[in-house]
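Take a look at the structure below.
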Amino acid sequence: MGSLPPPPSPSEPSKEARIDETTLKNLFKSQQSHLNFFFQNLSLPQTLAFARTLLSAAGTIFFSGVGKSGFVAHKISQTLVSLGVRSAFLSPVDALHGDIGALTPRDVLVLLSKSGSTEELLRLVPCARAKGAFLVSVTSVEGNALAAACDMNVHLPLERELCPFDLAPVTSTAIQMVFGDTVAIALMVARNLTRDEYAANHPAGRIGKSLIFKVKDVMKKQDELPVCREGDLIMDQLVELTSKGCGCLLVIDEEYHLIGTFTDGDLRRTLKASGEGIFKLTVGEMCNRKPRTISPDAMAVEAMKKMEAPPSPVQFLPVVDHQNVLIGIVTLHGLVSAGL
């Protein structure tokens, strides 16, 4: 018995498997053309009626679909939830095995289907209607059964699928996603969702952290601060300069007002310029008396922008109150560690 031939190497694809730049460019142009067809032919009155229906929903906005449309339905629902709208995905199969118990007369059920002839959704319609929910179909084929069975239909104009056989659902799911997420943002605008409210829905992600965290939440303070007086000798403060992990000294007066900063870069430059004379120099003589500072109530993301601002980036910002009293320090490393 002979052995099977080895599989082709991934690094040496057959001629049939090659993709050239022209083919790829033409595919993107074709998809762009198909999407433009959708934008140019979408009914704004239908879309407005749909958006207003979702906006006025007293209960939960459920989305349902099968296959690729099901994934899109799930995604649109998640977008709404992230914007503070009560929404959920309802599997048409699970719904017929108990999950339909979640539906109430206060709810809206949106059914996504390219053809409008999806058997699972058609079986779900009478059951959902018996629960009293308001039914909306979102389809791309004119005169379909699902549209006829629902209380409202939105037609998503589809020129054709990008697939050369006009079969693989790639353009149809793209326009479903664009449609659903755009309406979601319309609801966000109509509800006057604030940045703080949006951030409250994303507390663990970078989005939420950038909108929630303030400088005072991420700064070092008290014993963590590398402080010294302006009359202190530079060489006497080397331990303080290197042990606090900030890369600088914060020079203060008796009332803790910030006088300036002295960095490890300043140390190298002073040593190069002064040689042994550095043993007699004080921190106050060589410190930067006009450092960038920030308020404890400023947003942490603002601190990062301020560190990166011209003329040259810095690695830290002293945190001072309105009377220039030092209360902390925020470092670039600390911001990155916080997930910003």
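Round to a whole number: what % of the accessible area of the chain belongs to carbon and sulfur, probe 1.4 Å?
57 percent
Could you state the angle between the C-alpha long axis of helix 119-130 and the longest principal axis of the C-alpha atoms of the chain, as a value from 0 to 90 degrees rounded to the nearest 10?
For helix 119-130, the angle is close to 90 degrees.
Can you run phi through the Karplus equation (6.51, -1.76, 1.60; θ = phi - 60°) for the stretch 272-277 and list ³J(HN,Hα) in whole Hz, with x for Gly and Pro?
5, 7, 9, x, 5, x
I need the peptides 108-115, 260-267, 156-163 ranked by packing, meaning the mean over residues of other C-beta atoms within 10 angstrom, with the highest value on top.
108-115, 260-267, 156-163
Within the set of other residues whose C-beta is less than 13 Å from the C-beta of residue 235, count the net charge using Lys and Arg as +1 and Asp and Glu as -1.
-4
If I take every Cα pair under 8 Å that is 6 or more residues apart in the stretch 211-340, average their sequence separation and divide by the length, what percent do I get for the relative contact order?
Over the stretch 211-340, the number comes to 32 percent.
In terms of Cα to Cα distance under 22 Å, which lysines are near enough to residue 114, apart from those fewer than 8 places away along the same chain?
68, 75
Could you give the angle, 0 to 90 degrees to the nearest 10, between helix 171-190's Cα long axis and the longest principal axis of the Cα atoms of the chain?
Taking the Cα atoms of the chain, the angle to 171-190 is about 60 degrees.
Starting at the first residue of the stretch 248-262, write each ³J(HN,Hα) from the Karplus equation 6.51 cos²θ - 1.76 cosθ + 1.60 with θ = phi - 60°, in whole Hz, x for Gly and Pro.
Values, residue by residue: 6, 10, 9, 8, 10, 9, 5, 9, 6, 6, 6, 9, x, 10, 9 Hz.
Need one value: the accessible area of residue 170 in square angstrom, 1.4 angstrom probe, rounded to the nearest 10.
Estimated to the nearest 10 Å², residue 170 gives 70 Å².
Out of residues 5 or more away from residue 87 or on other chains, whose amide H comes under 5 Å of its own, with H placed 1.01 Å from N in the peptide plane?
61
Step by step: find N for the chain, compute 2.2 N^0.38 Å, then divide the Cα radius of gyration by it. What's the final number?
1.54
May I ask what percent, to the nearest 5, of DSSP beta bridges between residues of the chain are antiparallel?
40 percent
If I fit a long axis through the Cα atoms of helix 44-55 and take the longest principal axis of the Cα atoms of the chain, what angle between them do I get, 0 to 90°, rounded to 10?
For 44-55 against the chain, the angle is about 70 degrees.
Whole-Hz ³J(HN,Hα) for each residue in the stretch 157-168, computed from phi via Karplus 6.51 cos²θ - 1.76 cosθ + 1.60 with θ = phi - 60°, x for glycine and proline: what do you get?
Per residue, the Karplus-derived 3J(HN,Hα) values read x, 10, 5, 4, 6, 5, 3, x, 8, 6, 10, 4 Hz.
Along the charge dipole of the chain, pointing to its positive end and built from +1/-1 on Cβ of Lys, Arg, Asp and Glu, which listed residue (311, 237, 168) has its Cα farthest out?
168
How charged is the neighbourhood of residue 173? Take every other residue with its Cβ under 15 Å from the Cβ of residue 173, and add Lys/Arg as +1 and Asp/Glu as -1.
My count for the surroundings of residue 173 gives 0.
The values are calculated or read from the model by the stated rules, or taken from the named source; none is laboratory data. Predicted model, so just to flag it, every value in this text is computed and none were measured. Glycine gets a Cβ as well: all are built from the backbone with ideal geometry, and neighbour counts include every protein chain shown. Areas reflect the complete protein model, heavy atoms only, side chains present, ligands, DNA and RNA absent. Shrake-Rupley method; radii C 1.70, N 1.55, O 1.52, S 1.80 Å.
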